[in-house]
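Below is one structure; the comments refer to it alone.
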Amino acid sequence: MTFEKLVTANITWTEASVPYSVQFEDYYFSSDDGLAEVEHTFIQPNQLMTRFAQTHAGNVFRIAETGFGSGLNFLVTVQHWLTHGQPSHQLHFISFEKYPMQWVDIKKVHQYYPQFKAISEALKAHYPLLVSGWHDVWLFEGRVRLTLWFGDVLKGLPECDASTGSLVDAWILDGFTPSKNPDMWQPTLYQQMARLSHEHTTFATFTAAGEVRRALQAAGFKVQKASGYGKKREMCFGQLQQRRKYSSKAPWFARPTPVKTGDAMVIGAGLAGASVAYQLANAGWQVTVLEAESDVAKQASGNLAGTVHPLITADWNLRSQWYLQGFEAMLRLITPWLNQQQVVGELQGMVQMLVTKTSLERVTESLQRVGLPAELTTFLTREEVAQKLGTEATASGLFFPNGGWLNPPSVVKRCLQHHNITVRVKQSVENLVQSNPIKNLPPLWQIKTANNRYQSNIVIVATGSLNEKLNQQLGLPIRPVKGQVTHLKPTQISTALNYSVTHAGYSSPCLDGAVSGATFEAPNMSEHTSTAGHQQNLDNANQALPHWATASANSVQGRVAFRPTTPDHLPIVGGVPDPKWMETSYFSQSHTHVVYKYPMQRYQTGLYVSNGHGPRGLMSVFLAAESLLADIQGTAPVQPLSLYHASHPARFAIRKWRSGK
C-alpha cells in the first residue's frame, strides 16, 4: 500500500477565533459554545460518562471519530474519561483526519479552554508528524491511547482490525456536513462502521440528513432523531441492532487467540528479545529471557552505535510506513530514558548523505510526491551538510531533527532492568517442543538447553540469525549477513562529528571516539574482522567526509556481527502458524480468489517470533514488541492491517502458494 501526499488544513479565523475550513467552506464548531456543542451532540447521546464508569471488555473503551479537527472532541472526552473512567482501564480514541491541522492552529483553539491545559500539553508533547498513515500516541501512563489516521477515512477504516478485542464501543460522526463533504458520507463509511462495531455500539452525529439516516439503517443501525445544538434543528444517534458475520479478506493473516497473563519465555537477549520482554513485563507478565552468550547484547545488538532515522522511499511504501511507525515507537520509549541518562546516545538530529544519483533521485521524488514535513526531514545542500556535520562533505543530504544515534547494549540493558524480568545467560536452546495439553488447560512449551529445561505458557523467539535450527523449525527464511564495523579513537579522526551521518555506510560519534560501518558480506560467515573490511569502511567514510578519518586500516579495531535479514527487507513478527495445518487447509489445494471459502489461520498456541530486523533494528524492534503484546493479549493492533500482514510470519509461504509456485 502506498500513501498519497498529505494536505494540511487550510484555515482562516473568525473574529470570535473559531477556525473556518477553506477546503470545506464550513466552521469546525459552533461559535456560540463549542464545548456545549460537543456535550450535546456526542457525549450525552453516546452516554459516555455513564459507560466510562462501567467495566469494559478487555479493560478498554474504544471510540472512533471521523474528523479530528482541532481535537476539541478529544479534549472533552479525555477529561470525562480521567474523571469517570476506571483507573485500571484504557480509553482508546481512534480518529480519522484527511486534512490535519498544524499544531500552531490546534494550540490557538486550545488556549481558549484552560480547563484542558494538562491534556493539551500532553498531546502537544506527542502530536505526531504530519505524514500520511497511522500514528499512535500514548498519554497519561497508558490510560489514554490516541490512534490518528492522517488521510482519507474511507481508506483508513478498512485498515482497522475487526477481531473481538478491537471493536468500537462508540462512534463520533463529525467532520463537515454531507453537502460540504460528500466524499466522506458514502455507503462505505456506514458499512465499515458496522464491520467494526458490536451489538452494544452506539453512534452520534450532528446531522439528521435523510441520506445519512437511511444509510445507517441499511448498515444495521437503529437511528433516532433528537434536537440539534444551537441553530441545528435536528441531529441523530443510535445503536447497532445486530452484528453481521463478515468474512476476512485475508484469513491466512487472522490474529491468534489471546493468551491470559502468566509466564513468558523470551529466547534471545538482543534488541528484539529485550524490547518484547520489557513490554510483557510492563503488562504484568513474569518473563524469563534465555541468552546463549555469556552476556546480553553480544551479537548484532552489541555495536557501539547505531543510527536512527526514518526510511525514505520514493512512493512512501509499506517499508517507509513500518520504519516511520517504528521510529515513533522508539522515540516514545527511549526519549524519557535518554533524558534521565539511563541509556547512551543522542537524538538531537542526524544527516543522511545522498552519495549516489539513485539515492538523490529517490529522495527528490519522495519529497515531491509525499510532501514530507520539515519536522521529519529537510533537504540540505552539500555546503549545508558540511556546516551541520562540522567537516568537509562531498554530497547533499537530508537532515532528520529527531534522528541520531544510540548505543544498543545500553538500550538492551535498560529494557531488561525490570522487576518482572529474569535473565539466564549461557542458555543455548537446543529443542523447543509443545507438550500435550491437559484437560481445560493450555499446552506448555518445553525448552531444552545444554544444561537446563524450562517450560512456559508462551515463548517468543528473538534469536536473530545464528540459531539456524530454531529458525528452520519455525519456517523462518532468515539469512545471516555479516557486518563489520570500525572503531576510531579520538586521535584517529580530524574532528568530532556534530551529528551521526549515513553515506555508503555510516559514521557516528560514540562514547570513546567514533564508529564507521558497516560492511555487507554474504555468504561470508567468518566471525573475525579483516583489514579489507576496515578499508571498505574507511573508504566509504572518506569518500563522503574527506580527511575526517585519519587512521589506516591496519591500525584500527572493530567487531563483526551477523544481521538477520529477510527476502523482502521487513521483519517477521507475530504468532507462528501451524505448518501441518496450513499444508492441509491451504497448500494442498490450488489458490482461488473466493477468499471466504478458506478457514482462519491456525497457530501453534503460545509461540511467537520477532526476528529479521536487519540493519534497522533500532527503528523496528520497539514497534514489533508493541505488536506482539497486542497479539498476545488480544488488544487492538498497533499498526494498520496492511502492515500487520506485511510483517506476518506466514507471508512468504502464502505468497508462494497464491502465486502457484
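The values are calculated or read from the model by the stated rules, or taken from the named source; none is laboratory data. If you're wondering where the values come from, they're calculated on a predicted model, not measured in any experiment. Cβ sites come from the backbone with ideal geometry, for glycine too, and all protein chains shown count toward neighbours.
Against the numbered list (1) assigned by the TED database to the domain that holds residue 631; (2) surrounded by fewer than 22 Cβ atoms within 10 Å (Cβ to Cβ), residue 497 comes up short only at (1).
Please indicate, with yes or no, whether at least one residue in segment 521-538 is out of contact with any Leu (no Cβ under 8 Å at 6 or more places or on another chain), of a type in the set (Ser, Thr, Tyr) and without any contact (Cβ under 8 Å) to a residue 40 or more places away in the chain. Scanning segment 521-538, I find at least one residue that is out of contact with any Leu (no Cβ under 8 Å at 6 or more places or on another chain), of a type in the set (Ser, Thr, Tyr) and without any contact (Cβ under 8 Å) to a residue 40 or more places away in the chain, so the answer is yes.
Can you tell me which residue in segment 357-408 is surrounded by the most Cβ atoms within 10 Å (Cβ to Cβ), limited to those that are more than 28 Å from residue 510 (Cβ to Cβ) and among the hydroxyl-bearing types (Ser, Thr, Tyr)? The selected residue is 366. The listed residues are 287, 344, 296, and the only one of them that is of a type in the set (Val, Ile, Thr) and either more than 23 Å from residue 559 (Cβ to Cβ) or within 22 Å of the chain's Cα centre (by Cα) (or both) turns out to be 287. Within segment 388-426, the set of residues being within 21 Å of the chain's Cα centre (by Cα), of a type in the set (A, V, I, L, M, F, W, C) and in a strand (DSSP E or B) comprises 400, 405, 406. Annotation note: Cβ proximity below 7 Å between a residue of segment 369-393 that is under 14 Å from residue 131 (Cβ atoms) and a residue that is among the charged types (D, E, K, R) (sequence gap 6+ or interchain) occurs for 369/5; 369/315; 370/5; 371/5. The set of residues in segment 129-145 that are hydrophobic (A, V, I, L, M, F, W, C) and not in a strand (DSSP E or B) comprises 129, 130, 131, 140. When residue 341 is tested against (1) assigned to a helix (DSSP H, G or I); (2) at positive phi, exactly one condition is not met: (1).
Output yes when any residue across segment 82-104 is crowded, with 18+ Cβ neighbours inside 10 Å, assigned to a helix (DSSP H, G or I) and touching a residue at least 60 places away in the same chain (Cβ under 8 Å), and no when none is. For segment 82-104, residues crowded, with 18+ Cβ neighbours inside 10 Å, assigned to a helix (DSSP H, G or I) and touching a residue at least 60 places away in the same chain (Cβ under 8 Å): absent. Only one entry in 17, 21 is modelled with pLDDT of 90 or more, farther than 23 Å from residue 84 by Cβ and assigned by the TED database to the domain that holds residue 222, namely 21.
Scanning segment 240-253 for residues that are out of contact with any Gly (no Cβ under 9 Å at 6 or more places or on another chain), modelled with pLDDT of 90 or more and either of a type in the set (Phe, Trp, Tyr) or buried (at least 19 other Cβ atoms within 10 Å of the Cβ) (or both) returns a single hit, 252.
Exactly one residue among 219, 208, 226 is among the small types (Gly, Ala, Ser) and within 32 Å of the chain's Cα centre (by Cα), and that residue is 219. Contact map, segment 421-438: first residue closer than 14 Å to residue 265 by Cβ, second residue surrounded by 15 or more Cβ atoms within 10 Å (Cβ to Cβ) and among the aromatic types (Phe, Trp, Tyr), Cβ cut-off under 8 Å, separation 6 or more or different chains; pairs are 421/278; 432/445; 433/445; 434/445; 435/445.
Of all residue pairs spaced 6 or more apart or on separate chains, those with beta-carbon atoms under 8 Å, a first member in segment 578-602 that is without any contact (Cβ under 8 Å) to a residue 24 or more places away in the chain and a second member that is among the hydroxyl-bearing types (Ser, Thr, Tyr) and surrounded by 14 or more Cβ atoms within 10 Å (Cβ to Cβ) are 585/598.
Yes/no per residue for (1) in a loop (DSSP other than H, G, I, E, B); (2) crowded, with 22+ Cβ neighbours inside 10 Å; (3) touching a Lys or Arg at 6+ places or on another chain (Cβ under 7 Å):
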{"residue": "68", "(1), (2), (3)": "yes, yes, no"}
{"residue": "73", "(1), (2), (3)": "no, yes, no"}
{"residue": "76", "(1), (2), (3)": "no, yes, no"}
{"residue": "108", "(1), (2), (3)": "no, no, no"}
{"residue": "122", "(1), (2), (3)": "no, no, no"}
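Of the set (1) under 30 Å from residue 549 (Cα atoms); (2) surrounded by fewer than 21 Cβ atoms within 10 Å (Cβ to Cβ), all apply to residue 412 but (2). Scanning segment 35-70 for residues that are over 33 Å from the mean Cα position of the chain (by Cα) and of a type in the set (Gly, Ala, Ser) gives a single hit, 36. Number of residues in segment 1-57 that are in contact with a Leu (Cβ under 8 Å, 6 or more places away or on another chain), among the β-branched types (Val, Ile, Thr) and within 26 Å of residue 203 (Cα to Cα): the value is 1. Within segment 146-184, if we keep just the residues that are β-branched (Val, Ile, Thr) and not in a loop (DSSP other than H, G, I, E, B), the residue that is surrounded by the fewest Cβ atoms within 10 Å (Cβ to Cβ) turns out to be 164. For segment 431-447, residues that are surrounded by 14 or more Cβ atoms within 10 Å (Cβ to Cβ) and assigned to a strand (DSSP E or B) total 5.
Any residue that is assigned to a loop (DSSP other than H, G, I, E, B) and under 18 Å from residue 477 (Cα atoms) - is there at least one of those in segment 586-609? No: zero hits. In this structure, residue 578 does not qualify as charged (D, E, K, R) and under 30 Å from residue 138 (Cβ atoms). Against the definition (assigned by the TED database to the domain that holds residue 272 and loosely packed, with under 14 Cβ neighbours inside 10 Å), how does residue 468 come out, yes or no? Taking the combined requirement at face value, the residue satisfies it. Among the conditions (1) crowded, with 19+ Cβ neighbours inside 10 Å; (2) farther than 14 Å from residue 268 by Cα, the only one that residue 461 does not satisfy is (2).
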